[in-house]
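The values are calculated or read from the model by the stated rules, or taken from the named source; none is laboratory data. These numbers come from a predicted model, not from an experiment. A quick note on method: Cβ atoms are made from the backbone with ideal geometry, for glycine too, and the neighbour counts reach across all protein chains shown.
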Amino acid sequence: MDKIIIEGGKRLSGTIPISGAKNAALTLLPCALLTDEPLTLRNLPRLADIDSFQHLMTQFGVSTSIAGTRPGDFGRVMTLEATRLTSTTAPYDLVRKMRASIVVLGPLLARAGEAIVSLPGGCAIGNRPIDFHLKAFEALGATIEVANGYVRAIAPDGGLKGGKITLPFPSVGATENALMAASLAQGDTVIENAAREPEIVDLCGLLCAMGCEISGQGTSRILVHGQNRLHGATYKVMPDRIEAGSFACAAAITGGEVTLQGAASGDMEATLQALRDAGVAVEEVKGGIHVAADGPIREVTVSTAPYPGFPTDMQAQLMALLCKGVGTSVLTETIFENRYMHVPELNRMGANIETSGRTAIVHGVEKLTGAEVMATDLRASMSLVIAGLAAEGETQVHRLYHLDRGYERLEEKFALLGAQVERVGEG
């Protein structure tokens, strides 16, 4: 098991490329199940979660190939081909490694008429039930059985039928599953209270490139005109707005100046506004976003919310930045009930954070000090790295496998910016 050792106090400066979005890629990959023709995805990030999902796809008989890349390049090109599905079962030992696996339910059900997928189980950051997914499939005519830790979804004779899906909450995963299922359903499907995240728009972009007809993407009401079949396509994964926001916080906490090459400002307005409110200079430049911080970090008040609100996936990173701010900041987490596990670790580094229920009060401190800390989940891990970059002395972040799930070659990108960050084995 690896750990990262950070020597704090280095001002970040320079340009880094922003990788393809993990959260988008994990929904684009299962679209290969919707067609018997090749699907090629460009700008696919090199991440542990992508590798796990690739392995899951082979369970269904999907062949995958990766185009050669030059040394030092970020991202890669993967072609997936599901000429014939050899299985419609996603077993527990594969699904338990990654909750995102549940999004294979929709495309398997739509194409094969049946899907058997293990329930994803617990999640460190909070409860994430799949009831909304199952209700969406029932609205398209599917029969759902849940037994022995598995979901079995069966389409009616003749396949799924278009229908009206009303989500009680704008769930990203349920919207994604509903979109893929509806793409091969007979007739029109309306998804009300749909999630509006840019990753949803990216999924709709790929489905349209494969021959589906969709309107309303990016709004709370999406209309899908189902097709008898979809064809293959070549598609570029959108840039990762969470990675871009994370590196922006890292630049700001070190008083640095960084250009995020490839970042799309239109996808991350709430994050950029929070940074501006904190006194960080943010400017859209040709091909990316420029971030600079040469003054004190100001206190802010932020609540997480579904898009276009402030993303829950940026809460921990912003908190780390505010630890070095002046005054008192207030963060409220409205999406997940257990997403403050990084707080005790930040406090070990000299931060002064109090939590009460879903609210965290961050009292800015003059300095942070290096310490050994333990990563608890993906975004919490990044918050500890960000704090370590500004801390006096050495910080060691253990359980690095969390970071590898969502940040492509993190230490290499930080090295491009002048940080002293090293990955080492823990024996």
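Quick notes
- Put simply, of Cys212, Cys208 the only residue that is assigned by TED's automatic domain parsing to the domain that holds Gly141, farther than 30 Å from Leu410 by Cβ and out of contact with any His (no Cβ under 8 Å at 6 or more places or on another chain) is Cys208.
- Residue among Leu33, Leu108, Leu85, Leu80 that is surrounded by fewer than 17 Cβ atoms within 10 Å (Cβ to Cβ) and either over 22 Å from Ala209 (Cα atoms) or in contact with a helix residue (DSSP H, G or I) (Cβ under 8 Å, 6 or more places away or on another chain) (or both): Leu85
- Residue, surrounded by the fewest Cβ atoms within 10 Å (Cβ to Cβ), within region 114-153, restricted to residues that are assigned to a loop (DSSP other than H, G, I, E, B) and modelled with pLDDT of 95 or more: Gly141
- The lone exception for Ser265 - which of (1) under 24 Å from Val172 (Cα atoms); (2) in contact with a strand residue (DSSP E or B) (Cβ under 6 Å, 6 or more places away or on another chain); (3) buried (at least 18 other Cβ atoms within 10 Å of the Cβ) it fails: (3)
- Residues located in region 221-262, provided they are buried (at least 24 other Cβ atoms within 10 Å of the Cβ) and of a type in the set (D, E, K, R): Asp240, Arg241, Glu243
- The one condition in (1) over 24 Å from Gly325 (Cβ atoms); (2) without any contact (Cβ under 8 Å) to a residue 60 or more places away in the chain that Tyr401 fails to fulfil: (2)
- Where strands (runs of 3 or more DSSP E) sit wholly within region 225-331, those with at least 1 residues that are touching a Ser or Thr at 6+ places or on another chain (Cβ under 7 Å) and among the small types (Gly, Ala, Ser) occupy 288-292, 301-303.
- Hits in region 395-427 - residues which are surrounded by fewer than 21 Cβ atoms within 10 Å (Cβ to Cβ) and aromatic (Phe, Trp, Tyr): Tyr401
- Contact map, region 57-74: residues that are at pLDDT 95 or above paired with residues that are part of a loop (DSSP other than H, G, I, E, B) and of a type in the set (A, V, I, L, M, F, W, C), Cβ distance under 7 Å, separation 6+ or inter-chain. Pairs shown: Phe60/Ala82; Phe60/Leu85; Gly61/Ala82; Gly61/Leu85; Val62/Ala82.
- Of the set (1) crowded, with 16+ Cβ neighbours inside 10 Å; (2) assigned to a loop (DSSP other than H, G, I, E, B), all apply to Glu366 but (1).
- Among the candidates Ala270, Ala293, residue that is of a type in the set (A, V, I, L, M), surrounded by 24 or more Cβ atoms within 10 Å (Cβ to Cβ) and closer than 18 Å to Ser246 by Cβ: Ala293
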